[in-house]
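Notes for the one structure printed next.
The values are calculated or read from the model by the stated rules, or taken from the named source; none is laboratory data. Quick caveat, the model's predicted, so the values are computed rather than measured. Backbone-built Cβ (ideal geometry, glycine too); neighbour counts: all protein chains shown. Please note that ligands, DNA and RNA were not included when accessible areas were found on the heavy atoms of the full protein model with its side chains. Shrake-Rupley method; radii C 1.70, N 1.55, O 1.52, S 1.80 Å.
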Amino acid sequence: YRESHVIRGPRIRPHHWMRRMVVDSHEIQTLIKSEAKRTKKSEIKLRKKVQKEINHIASRFSFLMIRIVATCCKLIFNRIYSGVDIREQDIQRLQDTIRAGSPIWIPSHRSHLDYLLISSQCYFHGLVLPHIVAGENLSFWPMGAIFRRCGAFFIRRSFKKETIFPTVFRRYLRQLIRDEFPIEFFIEGGRSRTGKL
């Protein structure tokens, strides 16, 4: 199982399956009941709101889109730079980490090339592609749809005075980790404007 996991990665499930797993979970059902009591709204309306939130958050992996974007990235990296250099022992370390469990990628965020570089190199070296936590500002059309199909899922910059979004987001993230997807997020929260770490 571990060897096939390193090569093929976790099973990519359809969006409706993931949405059902989140919405029907005990945590979300409890949230809907407590919010219905607190706000006096019907549980059906609150369930629709939860479904809307998960639709806004969740990624929708498409290997066709990943193949197209990875090919474009290769052309860009070979044109702007003199290619990408990765040591073989680093690839082996990544494979060993994926074999051992679900890795969490925490790269620096100097530019928008960071996540493109990591995902494209995972693709070209046959590694499991990470799901990437992206700011809600990147969910605009058409880039949001492209990023979503390449594994991005979207988060709001602030959860203040929110009850539904943080719980839905936490439950979705827990499901990704349970399914053993690598998760990539940027600890700065946004790009490093000065280029410094």
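For I7, I118, what's the largest-to-smallest order of accessible area, 1.4 Å probe?
Heavy-atom accessible area, descending, gives I7, I118.
Using the Cβ atoms and a cut-off under 14 Å, what net charge is assigned to the surroundings of S4, where Lys and Arg are +1 and Asp and Glu are -1?
Around S4, the surrounding residues sum to +2.
With a cap of 12 neighbouring Cβ atoms within 10 Å, and only residues DSSP puts in a loop, list the chymotrypsin sites (Phe, Trp or Tyr not before Pro) found in the stretch 44-111.
Those satisfying the criteria are Y81.
Taking a 19 Å limit on the Cα-Cα distance, which of the listed pairs K33/K160; K37/K160; K49/K160; K48/K160 fall beyond it?
K33/K160; K37/K160; K48/K160
Using a 1.4 angstrom probe and counting only protein chains, how large is the accessible area of T71 in Å², to 10?
Approximately 70 Å² for this residue.
Amide H to amide H under 5 Å from W105: which residues, 5+ apart in sequence or cross-chain, H placed 1.01 Å off N in plane?
Correct list: I183, E184, F185.
For the stretch 146-197 and the stretch 94-140, what is the separation of their C-alpha centers, rounded to whole Å?
Between the Cα centres of the stretch 146-197 and the stretch 94-140 lies a distance of 12 Å.
Counting only protein heavy atoms and using a 1.4 Å probe, what share of the accessible area of the chain belongs to carbon plus sulfur, as a whole percent?
Ligands and nucleic acids excluded, carbon and sulfur give 57 percent.
Hey, what number do you get for the chain at 222 nm if only DSSP H runs of n ≥ 4 count, each worth -39500 (n - 2.57), divided across all residues, to the nearest 500?
After summing the helix terms and dividing by residue count, I get -17500 deg cm²/dmol.
For the stretch 57-197, which semi-axes, largest first and in whole Å, follow from the square roots of 5 times the eigenvalues of its Cα gyration tensor?
One finds semi-axes of 25, 18, 16 Å for the stretch 57-197.
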